[in-house]
Structure formats: structure tokens, C-alpha cells
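Visitor: Take a look at this one; I'll ask things after.
The values are calculated or read from the model by the stated rules, or taken from the named source; none is laboratory data. This structure is a prediction, so every number in the text was calculated from the model and none was measured. We place every Cβ from the backbone using ideal geometry, glycine too, and count neighbours over all the protein chains shown.
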Amino acid sequence: MGIAAAGGLLAVLVSPTAQAAPTPLNDQAKAAAAAASLGDDRTAGVYYQDGRLVVAVTDEGAAAAVRNAGATPKVVEHSASELEAVHGKLDELAGIHNTSWGVDPSSNQVSVKIYDGVSSAERARIERVAADHGDAIRIERRPGKLERTAYAMRGGLGIVSVDYICSAGFNVQNDSGEKFMLTAGHCVIGGNYTWFRYSGNIKLGSQVDWSFEPGDWAVIDYTNPDVTPYGTIQYKDGTEGQITNSRWASDNEKVKRVGTVSQDLDGMVLDPSVTVTYDDGATLYNMIETSLCVRHGDSGGPMFTGTTALGINSGGNYADQPCGNTDAQPDRVSFHHPVQDVLDKQDLKVY
């Protein structure tokens, strides 16, 4: 009797007519179709939770329809129509640097992220919109600044081609906004080289014009669309300085220099226009002589004061010796091609 009963129970458990729990719908296209059939006023998006798809709905009737379709529903407060309307209100503020916002179905909110660099006035504009929509908007503060994932290129960074290692000078542009890099002319002697960023070996472009004897400058065209040239120079500690204008150098003014190998941030112009003949016999004219030290590899790097571009490094003495603070190295000198000369000849400008 007991055995028969047990056997009868076993038969029920394994019977093909027994009802199994429905398998949750895990096909994104079908889940989206189930939501679309109900409309944006009764649903609020599809999202994954613990590995399964969930359809957000705004009422129990919609939830039942989603279950009948084999999907997992969740009843929420805000519909897709409402959240998209809130998103549209925020889009009226689009253009505030270092911000992002969008509908987040998993939280049933419009998620706003404010990164570093947003002013208090701009934050207040966003918060005023948020105040009109209650818990339909969530604001988060995030660290860092938002930058395109393109490779950054700034003055002072290393550039390489064939066997040459030089430094990027100033990034410049023409009237159409096309971007170019300035560097030293003696870096490009011998052919139409393709240049790469020293860090990461990222392709930059090729020179379009250059001069060595009587001057020492070159213009490299950025041909890689994945490279973003910034109008800044980068110091050795990773910080940046913005360049906004250019001019001819003045005698005795204080100047700075940055290159891929070294930097000297404490120098002065000794003579704004000199003729110099290097050890190998190359003679250059109208060069800027400074008390800044330089090293091999710093050629092409920017020489500047404040936010003003002044020169492109060409060379100097003791270039194989350590370089740092000018005050500790009173016998050091370096020479730079006037950047304004190149900009005027090539119809370019810093930015």
C-alpha cells in the first residue's frame, strides 16, 4: 500500500502532462516587441537583471500581458513617454561641457552625470530642470573630465619617424580649421616621413612643408582622424598649459620650454634675432637665443611665455648633459625659430 502510493506519486511527478514553470523570455528582440505592442505610455524600457530580461510597465494589466508573452514584468512609476519628455527638456541645455544624461530603464529615471569642469552656474541650470520633475531625474557627480577617445596630441610630446626622435611644437590650424603641428625643420630632412606619437606609436601624419637653412621649422599635417590635436602644451608632470596667441619674442623677456626629453621653465630671451652656425656647419638666421637649456630629442618643442607661443626649439650647447633649472646652469643657451615667422608664411594660427 505504501509502496503503491509512493509509486503513484512518482508517476505524477514524471508524467509528461505535468505543468512546468514557464521559461522566462530571454530574447531581446521578442521582449522589445512585447513592450512595443503595449506602447510607450504603458511601458518604460527593457533591461537585464540578474541575467534575464525585464520589461518595465506602468500598470498590472500591462504586466499580465508581458507575463503572457513569456517575459518578466516590473511595475514602475514613470512611462517611457514621460522619461523621454524629461530627456528632451534636458536636451535644451545640451552643450554644457563635461555632462551626460539619458533614460535609464533599470532605475526608471533619467540619469544625469556631472563631471569635473562644470561651473556652479551650469550645475544650477541642470538642477532647476531636475526640480521640476521630482524623482524622474537622478543627478550624480562623477570625477574626471570627458574627452573623446581619440588619441590626444599636445605640444611638447615626443614624435618619431624612421630613426628620428623629436618633439611636437605648437598645434595650429588654418582658416578652415584644418589642424597641423609645428616642429623643427632639421627633424624632417631627407624625405616625406610619416610621423608617429612616441608614446603608443600612434600615426600622426606627414610634413607638408619645411625649412632648414636659413630657418628651422616644419609643418606636419594631421592625417589620422583618431588623433585629437589640442591647443595646449604638456609639462613633464602631465599638467597642461593653454596657448591662445602668438607673437615675435622680445629681448630679456622670461620664457619657458618643454620637450619630450626635458623642460626648462626658468629662462629668458638673450637676443631675439641671431645668426648661429652649429658644429656641423649648418647656419641659421633670425633665430631667438635664450638662456634655456635643451637636450637631444627636444628639437621642435615649444618655447613660450604664459599663453603666448614664441619659438620652435632648434638646438643649443651641452645638449648631451642634464637639463633642468636655468639658474643652476648659467652657461647654457638654446636657439629657437620664431613661431610667428612660420605662421605668417603658412597662413596658420595657434588656437
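Visitor: Any chance you could count how many residues in the range 275-325 are at pLDDT below 95, surrounded by fewer than 20 Cβ atoms within 10 Å (Cβ to Cβ) and touching a Lys or Arg at 6+ places or on another chain (Cβ under 9 Å)?
Guide: 6
Visitor: Being over 16 Å from the mean Cα position of the chain (by Cα), within 12 Å of Gly301 (Cα to Cα) and not hydrophobic (A, V, I, L, M, F, W, C) is the filter here, so list the residues in the range 231-260 that pass it.
Guide: Matches in the range 231-260: Tyr235, Lys256, Arg257, Gly259, Thr260.
Visitor: Please enumerate the residues belonging to the range 167-207 that are touching a residue at least 12 places away in the same chain (Cβ under 8 Å), among the hydroxyl-bearing types (Ser, Thr, Tyr) and part of a loop (DSSP other than H, G, I, E, B).
Guide: Tyr193, Tyr198, Ser199
Visitor: Are there strands (runs of 3 or more DSSP E) fully within the range 268-351 with at least 3 residues that are free of Cβ contacts under 8 Å to residues at least 60 places away in the same chain? List them.
Guide: 283-290
Visitor: May I pose another question? Among the residues of the range 132-142, are any closer than 30 Å to Val76 by Cα, within 22 Å of the chain's Cα centre (by Cα) and modelled with pLDDT under 90?
Guide: yes
Visitor: Please find, within the range 48-91, the residue that is surrounded by the fewest Cβ atoms within 10 Å (Cβ to Cβ) out of those that are closer than 14 Å to Leu38 by Cα and touching a Leu at 6+ places or on another chain (Cβ under 8 Å).
Guide: Ala69
Listed here are the residues, each with its yes/no results for (1) β-branched (Val, Ile, Thr); (2) in contact with a strand residue (DSSP E or B) (Cβ under 7 Å, 6 or more places away or on another chain); (3) crowded, with 19+ Cβ neighbours inside 10 Å; (4) in the same structural domain as Gly311 (by TED's automatic domain parsing).
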residue	(1), (2), (3), (4)
Val160	yes, yes, yes, yes
Ala168	no, yes, yes, yes
Lys179	no, yes, yes, yes
Asn201	no, no, no, yes
Ala218	no, yes, yes, yes
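Visitor: Would you check if Trp210 is touching a residue at least 24 places away in the same chain (Cβ under 8 Å) and part of a strand (DSSP E or B)?
Guide: Judged against the criteria, Trp210 is a match.
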